[in-house]
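A quick write-up on the structure given underneath.
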Amino acid sequence: SQDGEPIGLLMIKRKVLSDPQDGWYSLGITQNKELVFGMVHLNVTAFLPNQKGFAIHGINRSNHGDEIILFDDNYNGKTPRTQGVETVVINGIIQVTSRTNGETLIPKGGFILQGKGDITGWMLQNLYPGTPLSVKMTILPETGDLEKWLRVEYILSSGPLLFQNGLAGPFGAFRKEIVENKHPRAVIGQTQDGKILFLAVDGRRPGHSLGLTIP
């Protein structure tokens with residue numbers, strides 16, 4: 001996006017850096033350089049001792065309200081400026097939970113949970129300093145080869161799926177403007193015999209290249 005946040009699911013060396021976008025497809029790459037295409041979901045749950053886990057609603061993105069968002073040291077140094085409650089976690093231990101205006105330094109190797117809206121009262125009552133807190137992230141494939149998804153090391157979200165099992169798309173939920181207007185495009189595909197294809201198209205440069213529509 002324009003503020004530098006990756007849009008959609010991004011995973012590098014099995015570390016999830018941002019969460020999926022509804023209706024988007026993803027490309028997974030295994031350790032053996034196999035490709036898998038499909039729609040995946042991400043389940044992020046935080047755990048306190050002897051308590052049922054609670055949901056984390058997003059990773060390294062803006063808080064839309066009534067959410068808890070996790071920011072790790074892959075983000076831009078500080079949490080976004082916003083009124084809410086933040087919990088700082090280092091080495092799996094809660095350091096502090098307090099009301100904040102954001103812009104809190106993210107500790108190296110640690111993370112911050114930033115809450116807004118009604119959920120902040122629960123955070124103040126339950127996320128005590130000195131308490132262990134762990135986070136589990138699970139990739140849940142909706143489509144594609146499950147066995148391959150289990151071996152994926154890298155995931156990149158992308159635009160509409162152009163072809164699926166030989167049928168022309170577009171597949172996925174995207175704004176009409178994204179699909180029908182000309183834009184720069186980057187495409188990756190795989191033929192039935194395993195050949196990997198790349199296409200890069202410049203755009204938005206009148207007299208040089210306007211780009212392509214999805215059709």
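The values are calculated or read from the model by the stated rules, or taken from the named source; none is laboratory data. A quick note: this is a predicted structure, and the numbers were derived from the prediction, not measured. Using ideal geometry, Cβ is built from the backbone for each residue, glycine included, and neighbour counts are taken over all protein chains shown. Protein only, heavy atoms only, side chains kept; ligands, DNA and RNA dropped before computing areas. Shrake-Rupley method; radii C 1.70, N 1.55, O 1.52, S 1.80 Å.
Of note:
- Residue in region 94-106 that is surrounded by the fewest Cβ atoms within 10 Å (Cβ to Cβ), counting only those that are under 16 Å from Thr131 (Cβ atoms) and not polar (S, T, N, Q): Val96
- When Gly169 is tested against (1) modelled with pLDDT under 95; (2) of a type outside the set (Ser, Thr, Tyr); (3) open to solvent by 40 Å² or more (accessible area, probe 1.4 Å), exactly one condition is not met: (3).
- Residue in region 183-215 that is modelled with the lowest pLDDT, counting only those that are in a loop (DSSP other than H, G, I, E, B) and hydroxyl-bearing (Ser, Thr, Tyr): Thr191
- Residue in region 107-115 that is touching a strand residue (DSSP E or B) at 6+ places or on another chain (Cβ under 6 Å), surrounded by fewer than 19 Cβ atoms within 10 Å (Cβ to Cβ) and either outside any helix (DSSP H, G or I) or not acidic (Asp, Glu) (or both) present: yes
- One residue stands out in region 54-87 among those that are open to solvent by less than 30 Å² (accessible area, probe 1.4 Å) and within 17 Å of Gln125 (Cβ to Cβ): the one that is nearest to the chain's Cα centre (by Cα), namely Ile68.
Listed here are the residues, each with its yes/no results for (1) out of contact with any strand residue (DSSP E or B) (no Cβ under 8 Å at 6 or more places or on another chain); (2) not in a loop (DSSP other than H, G, I, E, B).
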residue: Lys136; (1), (2): no, yes
residue: Gly144; (1), (2): no, no
residue: Lys148; (1), (2): no, yes
residue: Ile155; (1), (2): no, yes
residue: Phe163; (1), (2): no, yes
residue: Phe174; (1), (2): yes, no
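- Residue within region 6-21 that is closer than 28 Å to Gly166 by Cβ, at pLDDT 90 or above and open to solvent by 40 Å² or more (accessible area, probe 1.4 Å) present: yes
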